[in-house]
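Everything below concerns the one structure shown next.
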Amino acid sequence: MNREFYARDAEIVAKELLNCLLVRTSEEGTVVGRICETEAYTQDDCASHSFRGCTPANHTMFGEPGLVYVYFTYGMHYCANVVTGIPGSGEAVLIRAVEPLEGLELMLLRRGLSHGTRLAIGRTLCGGPGRLCQAFGIDRNHDGTDLVSGGPLKIYQSTSIVCDSDIAKSRRIGVSKGVDFLRRFVVAGDRYTSRVEK
DNA sequence: GGAACGATTGAT
DNA sequence: TCAATCGTTCCT
């Protein structure tokens, strides 16, 4: 995916990221997942980290489109975003869930789940932004890394683009402000989303 | 310097 | 439904 793909409105990118492949390489191995749930955040949105301007913690969000913005929350979880829009616009797409495709052993190991746990291959492995980051070994060291110019994280175009009628929109999860915006996008009926859409 | 608060998760 | 857990932000 080139930089022009990311240099568009967060809502557009959030929808087009559905069914794209998220790939994480490391010395431990490679893990791949199919993105099935995203959320859009813009600077004029009171629920967005960028709403109150650029700070040391969120400055990646104001950088080049195609950068990875990783934040730490609730004292124990990381969440990964893709920066979108023109540089400085302060918008991003939160990647909330993927279908685990490759490197399941490594994901289970990183998540602290036993190998035999068949149940873990459902939404509990990568369904949710914190779980996804843990399974993919993503932390604050990845904040500011570039998806476009090479690095441990990459996103590849899906073979099957999700048509608009197959995208379900809903309220975003876990936000206390901007609750009425329909800026959460999931592949309709997908089994691997963080929860069933309302 | 201190307090309040999370774009969450897992256990009860 | 609720505790865990700590960096960031904002107020004094």
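Values as computed for the structure displayed
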item: Criterion: of a type in the set (Ser, Thr, Tyr), within 20 Å of A:ASN141 (Cα to Cα) and either buried (at least 20 other Cβ atoms within 10 Å of the Cβ) or touching a strand residue (DSSP E or B) at 6+ places or on another chain (Cβ under 6 Å) (or both) - qualifying residue of A:THR25, A:THR60; result: A:THR60
item: Conditions (1) in a strand (DSSP E or B); (2) free of Cβ contacts under 8 Å to residues at least 40 places away in the same chain; number of the one not met by A:PRO56; result: (1)
item: Qualifying residue in segment A:160-175 (condition: assigned to a helix (DSSP H, G or I) and within 16 Å of DNA strand C (Cβ to nearest atom)); result: no
item: Inter-residue pairs, beta-carbon under 6 Å, first acidic (Asp, Glu) and in segment A:141-161, second in a strand (DSSP E or B) and surrounded by 18 or more Cβ atoms within 10 Å (Cβ to Cβ), 6+ apart; result: A:ASP143/A:VAL70; A:ASP146/A:LEU67
item: Of all residues making up segment A:31-78, the number that are within 10 Å of DNA strand B (Cβ to nearest atom) and of a type in the set (Gly, Ala, Ser); result: 5
item: Odd one out for A:MET61, checked against (1) under 16 Å from A:CYS20 (Cβ atoms); (2) under 15 Å from the mean Cα position of the chain (by Cα); (3) of a type in the set (A, V, I, L, M); result: (1)
item: Pick from segment A:41-53, criterion more than 19 Å from A:SER170 (Cα to Cα) and crowded, with 16+ Cβ neighbours inside 10 Å, ranking: farthest from DNA strand C (Cβ to nearest atom); result: A:GLN43
item: Residue among A:VAL148, A:VAL196 that alone is within 16 Å of DNA strand C (Cβ to nearest atom), in a loop (DSSP other than H, G, I, E, B) and surrounded by fewer than 21 Cβ atoms within 10 Å (Cβ to Cβ); result: A:VAL196
item: Condition check for A:GLU64: touching a residue at least 40 places away in the same chain (Cβ under 8 Å), of a type in the set (Asp, Glu) and out of contact with any Cys (no Cβ under 8 Å at 6 or more places or on another chain); result: yes
item: Any hit, segment A:82-90, residues being out of contact with any Gly (no Cβ under 8 Å at 6 or more places or on another chain) and assigned to a strand (DSSP E or B); result: yes
item: Subset of segment A:176-193 [over 15 Å from A:CYS36 (Cα atoms) and either in contact with a Ser or Thr (Cβ under 8 Å, 6 or more places away or on another chain) or not in a loop (DSSP other than H, G, I, E, B) (or both)]; result: A:GLY178, A:LEU182
item: One residue from A:GLY90, A:GLY66 being under 14 Å from the mean Cα position of the chain (by Cα) and at positive phi; result: A:GLY66
item: Qualifying residue in segment A:131-143 (condition: part of a strand (DSSP E or B), aromatic (Phe, Trp, Tyr) and within 16 Å of the chain's Cα centre (by Cα)); result: no
item: Of all residues in segment A:98-145 being more than 16 Å from DNA strand C (Cβ to nearest atom) and among the hydroxyl-bearing types (Ser, Thr, Tyr), the one that is modelled with the highest pLDDT; result: A:THR145
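The values are calculated or read from the model by the stated rules, or taken from the named source; none is laboratory data. Since the model is a prediction, treat every value here as computed from it, not as a measurement. Because the Cβ atoms are built from the backbone with ideal geometry, glycine has one as well, and the counts that use them run over all protein chains shown.
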